[in-house]
Amino acid sequence: MSANYHQLAGQLIMVRLFGTELDADTADFLRANRVRGACLFRQNMADANQLKRFTRALRDAMGDEALIALDQEGGAVVRATWVPAPPSAMSLGASGDPKLAHAVGAAVARAVRSLGFNWNFAPVLDLNNNPLNPVIAERSFGADPLKTSELALAWMAGSESEGVACCVKHFPGHGDTHVDSHRDLPTVDKSLDELERFEFAPFRMASASASAMMTAHIVYPALDAEQPATMSRPILTGILRERFGFRGVVITDGMDMHAIAQRYEAGQAAVNALVAGADMVMAIGSRETQQRTIDAIADAIRDGVLPMDEVEARLARLSALAQAHPWGQPDYAAEQQDRALMAQAWQRGLTALRSPARPAPGSKVRLVARQDVVSDGVSEAGVPAAGIAASLGKLYDVDLVTFADAECFDWSALPDDGRFTILASTSRRRYGPNARANWKPDLHLALWNPYQALDFDAPALMTYGFAPPALEAVNAWLAGAANAEGICPVPGFAGNAM
């Protein structure tokens, strides 16, 4: 193998792009360093035609073994927002139907492959049993290792059947944290026995069939007291490779996340991850950061810190992934059928808590919702209050009241005029003590994080997401045209189907 160390290093990173077209300078950078991986985000996407041009240009610049990726999990975590909107993992968990999960995974793959992607960073295998988790929640299929694994692996098989590689995440488990690794470095302080029985289980089950796994920027003291999993050889090599026998690609989560970037220099962090056992580093910072990352990896290969035989093994795994999922942009002939599938899937996930009542059509209702539309940095922004009001306005006479800060909003100031009061929760964050103690909705529409339904002793309808078909499912339930038969797949919810 040629000793062009920078070109070897470039094949071991995935970069972020800026803008909606591939400019000549970036194309030259990709070609010069033989970068084979690119991850696109919402800011890179305008519409289908633009995105197809972009991914075609990337493939031309990166070659036949280009790996062009995105996060199209479903629910709030999607990047291409105009294709059929898939339900979140927990919505599918509430349905509990592996056949439906397989169909949704296949439909997601058909959509993104038509746009020029051959790698999707989904599904999530994290078991969410922590109600205070700020970043996973409805992205998880549930808390039961066996049921979650069955659904997630069915979703993955559906995607693979349509030619799109999956990347299960976040090994060895991000579900039981109360810190978002985008903002700080979490710790999961559980015994090895607890991890074996819970967090490890889905990844162990997936290790025989998953094309790729993504690492978690989390410290697990029982496994490695010093390094987060992304940089831990005992975890990535000792557990994942040697114990679980995983032979697919290991890719890091974004190395720009604060859990890593605030503690390590970018180049050294990348080398640490590769030494630990990762195959590809997600270098999604600035061009300068990407160049520093390539330089550091090249130096590590030259100096033997990354032995050449291990580099060759990594390159072989990456080539095998690309060859098994060749790039293409096939026609999306099933779009209308997939829209119908997604609508059905969202409806099947609807979950009732505390026997909610439906106001009669034409009733006067008061809708209370946030003023702003927020994102947690991972998800797309929630639905605007006016959008919910317009949706409910198809059934009711709606008076919209918005708040900027839940902790300052005075619920008692709402008019006592007999209107049926609906609270619509449109952000991921949980409510604070003021809201919990004083807010008294007649119906709580938990349109994002289902754990928010636990913040009020009020009847609730949980959707696990806010995409248009989720709002349509809510209206169908309100109109009596659909039931809420989902069963929330995490502890703490003693609801009833209706």
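For the stretch 290-323, filtered to residues that are of a type outside the set (A, V, I, L, M) and surrounded by 20 or more Cβ atoms within 10 Å (Cβ to Cβ), the residue that is farthest from Ala38 (Cα to Cα) is Arg314.
The strands (runs of 3 or more DSSP E) found entirely in the stretch 405-497 that carry 2 or more residues being more than 29 Å from the chain's Cα centre (by Cα) are 420-425. Ala57 - would you say it is aliphatic (A, V, I, L, M), surrounded by 15 or more Cβ atoms within 10 Å (Cβ to Cβ) and over 23 Å from the mean Cα position of the chain (by Cα)? In short, yes. The number of residues in the stretch 445-487 that are polar (S, T, N, Q) and closer than 19 Å to Arg428 by Cα comes to 3. Of all residues assigned to the stretch 82-98, at least one qualifies as being on the phi > 0 side of the Ramachandran plot and surrounded by fewer than 24 Cβ atoms within 10 Å (Cβ to Cβ).
What residue, among those in the stretch 431-453 that are of a type in the set (A, V, I, L, M, F, W, C) and over 19 Å from Val490 (Cβ atoms), is surrounded by the most Cβ atoms within 10 Å (Cβ to Cβ)? Let's see the steps before the verdict.
Taking the stretch 431-453 and keeping what is of a type in the set (A, V, I, L, M, F, W, C), we get 435, 437, 439, 443, 445-448, 453.
Cutting the leftovers down to over 19 Å from Val490 (Cβ atoms) gives us 435, 437, 439, 443.
Working: Ala435: 21, Ala437: 11, Trp439: 23, Leu443: 20.
Going through the qualifying residues, I end up with Trp439.
Considering (1) closer than 21 Å to Gly96 by Cα; (2) at pLDDT 95 or above; (3) of a type in the set (A, V, I, L, M, F, W, C); (4) surrounded by fewer than 24 Cβ atoms within 10 Å (Cβ to Cβ), the lone condition that Met462 does not fulfil carries the number (4). When the stretch 241-263 is filtered for residues that are modelled with pLDDT of 85 or more, outside any strand (DSSP E or B) and buried (at least 22 other Cβ atoms within 10 Å of the Cβ), the ones remaining, listed by number, are Phe246, Gly248, Thr252, Asp253. Close Cβ contacts (under 6 Å, 6 or more residues apart or on different chains) running from residues in the stretch 185-204 that are more than 17 Å from Asn128 (Cβ to Cβ) to residues that are assigned to a helix (DSSP H, G or I) comprise Leu185/Ala259.
Is it the case that Gly387 is surrounded by fewer than 21 Cβ atoms within 10 Å (Cβ to Cβ), outside any loop (DSSP other than H, G, I, E, B) and under 26 Å from the mean Cα position of the chain (by Cα)? The answer is yes for Gly387. Report every pair of residues separated by at least 6 positions or lying on different chains whose Cβ atoms are under 7 Å apart, first residue within the stretch 471-498 and at positive phi, second at pLDDT 95 or above and not basic (Lys, Arg). Pairs found: Gly492/Leu454.
Condition check: small (Gly, Ala, Ser) and either farther than 27 Å from Pro87 by Cα or in a helix (DSSP H, G or I) (or both). Does Ala313 satisfy that? Break it down stepwise before answering.
Numbers: small (Gly, Ala, Ser): yes; either farther than 27 Å from Pro87 by Cα or in a helix (DSSP H, G or I) (or both): yes.
Yes; evaluated as a whole, the condition is true for this residue.
Please work out if Ala266 is within 27 Å of Thr26 (Cα to Cα), small (Gly, Ala, Ser) and either touching a Phe, Trp or Tyr at 6+ places or on another chain (Cβ under 9 Å) or modelled with pLDDT under 95 (or both). Even if it seems obvious, please write down each step before you answer.
Values: within 27 Å of Thr26 (Cα to Cα): yes; small (Gly, Ala, Ser): yes; either touching a Phe, Trp or Tyr at 6+ places or on another chain (Cβ under 9 Å) or modelled with pLDDT under 95 (or both): yes.
Taking the combined requirement at face value, the residue satisfies it.
Collect the residues in the stretch 324-342 that are free of Cβ contacts under 8 Å to residues at least 60 places away in the same chain and either buried (at least 17 other Cβ atoms within 10 Å of the Cβ) or out of contact with any helix residue (DSSP H, G or I) (no Cβ under 9 Å at 6 or more places or on another chain) (or both), keeping them in residue-number order. If the condition is that a residue be free of Cβ contacts under 8 Å to residues at least 60 places away in the same chain and either buried (at least 17 other Cβ atoms within 10 Å of the Cβ) or out of contact with any helix residue (DSSP H, G or I) (no Cβ under 9 Å at 6 or more places or on another chain) (or both), then Gln336, Ala340 are the ones that fit. The single condition among (1) modelled with pLDDT under 95; (2) buried (at least 18 other Cβ atoms within 10 Å of the Cβ); (3) of a type in the set (S, T, N, Q) that Ser2 does not meet is (2). Would a scan of the stretch 222-230 turn up a residue that is surrounded by 24 or more Cβ atoms within 10 Å (Cβ to Cβ), in contact with a strand residue (DSSP E or B) (Cβ under 9 Å, 6 or more places away or on another chain) and not in a loop (DSSP other than H, G, I, E, B)? For the stretch 222-230, residues surrounded by 24 or more Cβ atoms within 10 Å (Cβ to Cβ), in contact with a strand residue (DSSP E or B) (Cβ under 9 Å, 6 or more places away or on another chain) and not in a loop (DSSP other than H, G, I, E, B): present.
A quick yes/no check of all residues on (1) surrounded by fewer than 20 Cβ atoms within 10 Å (Cβ to Cβ); (2) of a type outside the set (D, E, K, R):
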site: Ala413; (1), (2): yes, yes
site: Arg429; (1), (2): yes, no
site: Asp455; (1), (2): no, no
site: Ala473; (1), (2): no, yes
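Scanning the stretch 270-297 for residues that are over 18 Å from Ala313 (Cβ atoms), hydrophobic (A, V, I, L, M, F, W, C) and in a helix (DSSP H, G or I) gives Ile294, Ala296.
Of the candidates Ser412, Ser427, the single residue that is among the small types (Gly, Ala, Ser) and either in contact with a Cys (Cβ under 9 Å, 6 or more places away or on another chain) or within 30 Å of Gly96 (Cα to Cα) (or both) is Ser427. How about the stretch 308-333: which of its residues are of a type in the set (Ser, Thr, Tyr) and outside the structural domain of Ala273 (by TED's automatic domain parsing)? Selection gives Tyr332 alone.
Could you check the stretch 137-161 and list, in sequence order, the residues that are part of a loop (DSSP other than H, G, I, E, B) and buried (at least 24 other Cβ atoms within 10 Å of the Cβ)? Listed by number, the residues that qualify are Ser140, Phe141, Gly142.
The values are calculated or read from the model by the stated rules, or taken from the named source; none is laboratory data. This is a predicted model, so every value here is computed, not measured. Counting neighbours? That spans all protein chains shown, and the Cβs are built from the backbone with ideal geometry, glycine included.
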